[in-house]
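This report refers to the structure that appears directly beneath it.
Readers should treat all values here as calculations from the given coordinates under stated rules, not as data from a laboratory. These figures come from a predicted structure and were not determined experimentally. We place every Cβ from the backbone using ideal geometry, glycine too, and count neighbours over all the protein chains shown.
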Amino acid sequence: MGETGAHGEQIHPLGSLRNLLSLTGIGLTTAAVAAFLILFLGDLLGLHTTNPYMGIVLFIVLPVFAVIGLLLIPVGAVFERRRIRRGQPASVWPRIDFNNPMQLRRAGLLAVLIVANIAIVTLGGYGGLEYMETPAFCGQVCHQAMQPEFIAHQSAPHASVPCVACHIGPGAGAKAESKLAGVKRVFAVAFGTYQQPIPLPAAELLPARDTCERCHWPEKFHGDQLRHIHEYADDEANTESVTNLLMHLGGGNERLGFAEGIHWHMNLANEIEFVATDDQRQVIPYVRMTDGNGVVTEYVTPGVTEEELANGERRVMDCMDCHNRPSHPIAATAARAVDVSLTRGETPKALPFVKREAVKLLEKSYPSQEVAMEEIAAALGDFYRREYTQLWDSRGKDVERAVEAIRAIYRRNVFPEMRVGFGTYPNNIGHTDFPGCFRCHDGEHVSSDGLTIVYDCETCHAFP
């Protein structure tokens, strides 16, 4: 015998499921399970192995929806039974009678529509996930605050590498953790509470083995490479000077037992640890080197305390400690950015004082990029019309080229709304504009037996 209602009527066990909440749960669970099966089959067939978010959807989102649906079914049944006990009439919808040809046809049509909707939602969701891993999504849709990083990424050597390849580690756990951590950032963007400029997430950078080493081989021997550094004076002729540097990139190989040059640091037989006492890893008062024979040497700068070292960040050195801006380069100075533009031929070298005037315009403070675009064009045009009237009449096209080149430099490097400009973010390659190499190779890191970390120009480069 089943349970009886307030008027003595029998409550059929399945009849209590005839309510909106339980039916919603049944539909939600059915859809989630069907979508899971479709996506899981696709995963087995290798149809979306490159999508970094598929693990989240497949193993977290869909199961959560399925569980919610399952919970709604008994909750709805409990509410329905309570309604009947209180004397209210039992829900009589939907009346299902497959002996009725019309209901049978409608049920068949409904089943087809359900399957079609599941397929459409699944495919649409998959397309959305594909888009979520693109730089356009990261830089333009949800993360307007990341415009400086997005623009810098577009002109970087890794422009074809999606953001998630470097910012989300392997495995479903790392992807889930990343998305959960992103919830805070979503609220910050929605309510405009994010910092300006966005601070460098040095502590959040993934280890090189999870990012760089997916494409790069740390044991590769690079040998020596010749670099030409072009600089231009602020005089009328924009006098060019060229510095030739023979860079000892070198490399190291644990199996072959050798290591030399700058990439000696990546020799797997050696291990270098350091302690940084600031959140950007620019102040490194302690270095510990363990060589291939297990011999340990510790280097410490004078004046640093044990408390400072204990409170600092301790880590094993990897690629990211020098190549900390491989995908988001922003020029260190306006002068350096203009030198590159002149070398590439984007800015005409023959225009008198173009280097001086370009740097002056780029270093000026503007309230927005839109205002900067207008004022750069007006100011450079006025300068040549006033100081070089004949040149303006005969070579106006070159001035226009210079205007566009200077504008492009500004758009790539300066974002007034985010308080980002030349030199905002340190770049640890080299030592010209930021401490870089000299964070450790400064001659002040001394071991207990009087050794210092090598402080010699010839270690890294020579002037041929």
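General remarks:
- Gyration tensor analysis over the Cα atoms of the stretch 334-418 returns equivalent ellipsoid semi-axes of 21, 15, 10 Å (largest first, whole Å).
- Taking Arg411, Arg344 and counting other C-beta atoms within 10 Å, the order from fewest to most: Arg344, Arg411
- Separation of the Ala408 and Ala269 label points, Cα + 7 Å toward Cβ, nm: 4.7
- Each peptide in 349-356, 68-75 gets a packing score, the mean of other Cβ atoms within 10 Å over its residues, and the list from highest to lowest is 349-356, 68-75.
- Cross-link partners of Lys397 among aspartates and glutamates, defined as those whose alpha carbon lies under 14 angstrom from its own and excluding same-chain residues fewer than eight positions apart: Glu346.
- Taking trypsin sites (Lys or Arg not before Pro) across the stretch 234-333, the ones in a DSSP loop with at most 14 further Cβ atoms lying within 10 angstrom of their Cβ are Arg255.
- Phe221 paired with Ser241, simple spin-label distance in nm, labels 7 Å along Cα-to-beta-carbon: 3.7
- Per-peptide average of other Cβ atoms within 10 Å, ordering 438-449, 222-233 highest first: 438-449, 222-233
- Distance between the pseudo-spin-label points of Glu444 and Asn293 (7 Å out from Cα toward the beta carbon): 3.2 nm.
- Computed lengthening from Glu177 to Glu204, 0.36 nm per intervening residue step minus Cα-Cα distance: 8.5 nm
- Burial ordering of Arg86, Arg407, fewest other beta-carbon atoms within 10 Å first: Arg86, Arg407
- Theoretical gain in end-to-end length, Leu70 to Arg185 [0.36 nm per residue, Cα-Cα removed]: 38.2 nm
- When only alpha carbons of the stretch 399-464 are considered, Rg and Dmax amount to 18.9, 62 Å.
- In this structure, Asn99 and Ile429 have a Cβ-Cβ separation that, at R0 = 56 Å, corresponds to a calculated FRET efficiency of about 0.10.
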